[in-house]
Amino acid sequence: MSLTLRTISREQHLAYIQSLPAASHMQVPAWADVKAEWRSESLGWFDNRSGEMVGAGLVLYRQLPKIKRYLAYLPEGPVINWFAPNLTDWLDPMLAHLKQQGAFSVKMGPPVIIRRWEAASIKKGIQDPDVKRLRDIEADFIEPRAFEVADKLRRMGWQQGEDGGAGFGDVQPRYVYQVPLANRSLEDVHKGFNQLWRRNIKKAEKADVEVVQGGYQDLEEWQRLYEITALRDHFRPRPLSYFQRMWTALNTEDPNRMRLYFARHEGVNLSAATMLVVGGHVWYSYGASDNIGREVRPSNAMQWRMLRDAYALGATVYDLRGISDSLDETDHLFGLIQFKVGTGGQAAEYLGEWDFPLNKLLHKALDIYMSRR
């Protein structure tokens, strides 16, 4: 297939994304408005024979301090045929274009899954003292074509971080947890939960925990719970303005792109979450909870409601986003994987993020700058 790459309008970009079964929420045109501090551009790949668009990418440009040079970033993109035999015909024109735009380095995250592990295998692994990481467990599914993609990228000069993307080494998580919904009944999904999850859902129902959807005006209440969570879990919270911008940008593009949920008990909100929707892919994006009311299991009730809503939307996958690959019970991120494994689902490993240094000197300088931050 002979291809042409060119800049496209947001309308063309959105129409292409809407024609697909799914794509990352970080590759929709409105994501550029969420990341307001980056300059952005929509790129389209066209088949020269038919003239139709066959791929798209959202590029975010971050300027280096003091000079007119940019880091070009395609989070969880571009959205192209990654298994095409001629990957260079797709990526070389992109690199040439980004260089022309003043990029000194390109970072991308091919949305290609390389391995999957079923909940039962992970549970076995957790009980085995010799298993320290997800990779120590034999995968239940391996995508051989993903290894070919990695080989092609290396041959083309793309590089991967030293740590091979363990845990949150990349900007976007390399390991995620997903509950497949395609060709399953809700009853089957519920059966897939472990005993603790089923018990907790029941406990919340008995206690009359109510799960409701919120709107823009409820983001302040979301922020209250989110800041309690940040304090408890020692991370720096994003400001309220970020979530307000996210809500406005995403729901202007598609009124069903972002949702907000609260689990409340006796009129008090105990936990909250944001949910994102692109085609058949639904993400549990951000979560928050108070330090009180945990005994009525608001988080389990809320996840079960979100899963049911995702199912009603016709989703093929409910994505609980990032996990670390550590299965060490003393690891501070272990609780996260334990919570998510309870849903039945599968852990999935992506190909991870790849860098192409267009200017080796500036790329190295950025590496040093980032490692000192």
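Between amide H atoms placed 1.01 Å from N, distances below 5 Å from ARG133 occur with LEU327, all of them 5 or more places distant or on a separate chain.
Rolling a 1.4 Å probe over the protein heavy atoms of the chain, with every protein chain left in place, gives an accessible area that is 50 percent carbon and sulfur.
Between VAL171 and LYS124, what's the calculated FRET efficiency when r is the beta-carbon distance and R0 is 30 Å? Round to 0.05. Don't skip to the answer; put the middle values down first.
Working: r = 31 Å, r/R0 = 1.05.
Efficiency at R0 = 30 Å is approximately 0.45.
Working from label points 7 Å from Cα in the Cα-to-Cβ sense, the LEU231 to LYS132 distance is 3.7 nm.
Here the contact order of the chain, divided by its residue count and restricted to Cα pairs under 8 Å and six or more residues apart, works out to 23 percent. Under the criterion of Cα pairs below 8 Å and six or more residues apart, the relative contact order for region 1-79 equals 32 percent.
Placing +1 on the Cβ of every Lys and Arg and -1 on the Cβ of every Asp and Glu, with no other charges, gives the chain a dipole of roughly 640 debye about its Cα centre.
Taking all protein chains into account, the per residue accessible area for region 283-342 stands at 39 Å² (1.4 Å probe). Between amide H atoms placed 1.01 Å from N, distances below 5 Å from GLY55 occur with TRP45, all of them 5 or more places distant or on a separate chain. Helical content of the chain, expressed as a calculated mean residue ellipticity at 222 nm, amounts to -10500 deg cm²/dmol (DSSP H runs of 4 or more residues, -39,500 (n - 2.57) each, divided by residue number, nearest 500). A simple charge model with +1 on the Cβ of Lys and Arg, -1 on the Cβ of Asp and Glu and nothing else charged puts the dipole of region 284-366 at about 280 debye relative to its Cα centre. Given the options GLN223, ILE201, PHE243, identify the residue whose Cα lies farthest towards the positive end of the charge dipole of region 195-250 (+1 on Cβ of Lys, Arg; -1 on Cβ of Asp, Glu). Comparing the listed Cα positions along the dipole, ILE201 ranks first.
Within a straight-line Cα-Cα reach of under 15 Å, LYS206 can be paired with the following aspartates and glutamates, leaving aside sequence neighbours fewer than 8 residues apart in one chain: GLU266, GLU295. Electrostatic bookkeeping for SER40 treats Lys and Arg as +1 and Asp and Glu as -1; over the other residues with beta carbon under 12 Å from its beta carbon, the sum is +1.
Scalar couplings 3J(HN,Hα) for region 12-21, obtained by applying the Karplus form with A = 6.51, B = -1.76, C = 1.60 to θ = phi - 60°, are 4, 4, 5, 4, 5, 4, 5, 7, 9, x Hz; x denotes Gly and Pro.
For region 163-310, the dipole from Cβ point charges (+1 on Lys and Arg, -1 on Asp and Glu) about the Cα centre works out to 400 debye, to the nearest 20. Rolling a 1.4 Å probe across the protein heavy atoms gives region 36-75 an accessible surface of 48 Å² per residue.
In terms of distances greater than 32 angstrom between alpha carbons, the cross-link table entries LYS35/LYS123; LYS35/LYS340; LYS35/LYS66 yield LYS35/LYS123. The residue list LEU3, PRO78, LEU361 was ranked by how far each Cα lies along the charge dipole of the chain toward its positive end, using unit charges on Cβ atoms, and LEU361 comes out on top.
Of the trypsin sites (Lys or Arg not before Pro) found in region 31-71, the ones in coil according to DSSP and having at most 14 other Cβ atoms within 10 Å of their Cβ are ARG49, LYS66, LYS68. Think of the chain as a dipole: +1 on every Lys or Arg Cβ, -1 on every Asp or Glu Cβ, centred on the Cα centre; then among GLN101, HIS25, VAL341, GLN101 lies furthest on the positive end.
Between 0 and 90 degrees, the angle of helix 240-253 with respect to the longest Cα principal axis of the chain falls at about 70 degrees. Pick from GLN100, GLN303, GLN172: which is most flexible by mean-square fluctuation in a GNM of the chain where alpha carbon atoms under 10 Å apart are linked? Between GLN100, GLN303, GLN172, it is GLN100 that shows the largest mean-square fluctuation.
The values are calculated or read from the model by the stated rules, or taken from the named source; none is laboratory data. This is a predicted model, so every value here is computed, not measured. Glycine gets a Cβ as well: all are built from the backbone with ideal geometry, and neighbour counts include every protein chain shown. The protein model used for the area step is the full one, side chains on, heavy atoms only, and it has no ligands, DNA or RNA in it. Shrake-Rupley method; radii C 1.70, N 1.55, O 1.52, S 1.80 Å.
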